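To keep things clear, I will list the structure first and then write my remarks on it.
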Amino acid sequence: MQSLPVAPSPPLPPETGPAAARHAPATWQRELAAAIRDPAELCALLALDADSAATARAAMGGFPLLVPRGFAARMRPGDPRDPLLLQVLPAAAEQIPAAGFTADPLDEAATLAAPGLLRKYPGRGLLLAAGGCAVNCRYCFRREFPYAENGVTQAGLAAAVEAVAGDETLTEVILSGGDPLLLDDARLADLVGRLEAIPHLRRLRIHSRLPVVLPARVTDALVATLAATRLTTVVVIHANHAQELDATVEHATRRMAAAPALLLNQAVLLAGVNDSLAAQRALAERLVEIGVMPYYLHLLDRVAGAAHFEVAAERAIALHRGLRESLPGYAVPRLVRARPGARAKEWIQ
Ligand SMILES: *Cc1c(COP(=O)(O)O)cnc(C)c1O
Ligand code: SF4
């Protein structure tokens, strides 16, 4: 599959209609526009040496650095091994080919039911609602996904909603991407409105890292949209380390929970970032503290450029056993792995 670089600045779809003229960009949109894109700037901000910046710039390839300033502010200055920094700073290891690591490890191109609709598991369809993200995670399995070719456009979105309407076996739509919360409030409300008009749909799920990396995205209007829909709403956030979950994130999760929405977290097990019992326990406990249930702990998808993040399955299983033996059952995420062609994510024991 051809790899298209993900846009460095997530393309905010051009505003149309009378609302566009009335509204200045929201706070979160300004924060996104001001996100850090230059490795030298991030390294200087964190008092890291110029070598780190040069290495990072050389390692970016077609997947640029992108980090909101609020997220960078949660990193520890002077620490090149900071668990948040490692998730976003391009590493030289990305450029080293590794056997078994490919551009489309989940064969997602094969599960497109319509432009912008991935149809892999019974009952739920995954709608690619936006192409970019507010942060570029180096381990991301969609880092090579050619969004533009696969319906992540307004026309593609309309076709995907049509496809959902035409498939009565679907009871749940998952808004994903990229990051679906990059849609602005008006577009999101419009999309939710079109989905809730489909009688066979019962649940709306949103998979987004924005409440963590750019919590200002959780606007009054977003909370109002979650509150107003007839659909049961589930918001799955994505945090990998307790250090990501500061008071601004807690404020965002609590507001969504009050909407109401059920809040879950998915994390990826990442070597050097969160592959210790202490890190996983702290993450689970902090999530519960901010009203978010740990849902999935994913083994890394084997995407090209991410081999240095891989944790061997045996070690993952041992870690997970340690979690089960030290946390209440509800705080233990399911350890899972995605397999191309399977009817569900595989639970690993
Ligand atoms: C992960 C995923 C889902 C959701 O699976 P759940 O087990 O319900 O969380 C749905 N569709 C696709 C394509 C996915 O990758
Ligand atoms: S992991 Fe999520 S937020 Fe990060 S780049 Fe991938 S899709 Fe975007």
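The values are calculated or read from the model by the stated rules, or taken from the named source; none is laboratory data. Computed from a predicted structure; not experimentally measured. Glycine also receives a Cβ, built like all others from the backbone with ideal geometry; neighbour counts cover every protein chain displayed.
Structure summary
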read-out: Exclusive hit being over 30 Å from Glu144 (Cα atoms), in the same structural domain as Arg142 (by TED's automatic domain parsing) and touching a Pro at 6+ places or on another chain (Cβ under 7 Å), set His251, His241; value: His251
read-out: Filtered residues of region 44-86 (kept if of a type in the set (Asp, Glu) and in a helix (DSSP H, G or I)); value: Asp51
read-out: Pairs, first more than 7 Å from ligand 2 (Cβ to nearest atom) in region 130-142, second aromatic (Phe, Trp, Tyr) and modelled with pLDDT under 95, C-beta under 9 Å, six or more apart; value: Ala130/Tyr147; Gly131/Phe145; Gly131/Tyr147; Gly132/Tyr147; Arg138/Phe63
read-out: Qualifying residue in region 80-97 (condition: free of Cβ contacts under 8 Å to residues at least 24 places away in the same chain and small (Gly, Ala, Ser)); value: no
read-out: Given (1) crowded, with 20+ Cβ neighbours inside 10 Å; (2) in contact with an Asp or Glu (Cβ under 6 Å, 6 or more places away or on another chain); (3) not aliphatic (A, V, I, L, M), number of the condition Pro340 does not satisfy; value: (1)
read-out: Any hit, region 252-266, residues being among the small types (Gly, Ala, Ser) and under 17 Å from the mean Cα position of the chain (by Cα); value: yes
read-out: Meets criteria (in contact with a helix residue (DSSP H, G or I) (Cβ under 8 Å, 6 or more places away or on another chain) and not assigned by TED's automatic domain parsing to the domain that holds Pro180) for Pro90; value: yes
read-out: From the options Leu170, Leu106, residue that is in a loop (DSSP other than H, G, I, E, B), in contact with a His (Cβ under 7 Å, 6 or more places away or on another chain) and over 30 Å from Asp49 (Cα atoms); value: Leu170
read-out: Of all residues making up region 72-101, the number that are polar (S, T, N, Q) and within 16 Å of ligand 2 (Cβ to nearest atom); value: 1
read-out: Selected residue (only one of Leu201, Leu175, Leu157, Leu188 is within 14 Å of ligand 1 (Cβ to nearest atom), farther than 17 Å from Ala252 by Cα and touching a helix residue (DSSP H, G or I) at 6+ places or on another chain (Cβ under 8 Å)); value: Leu175
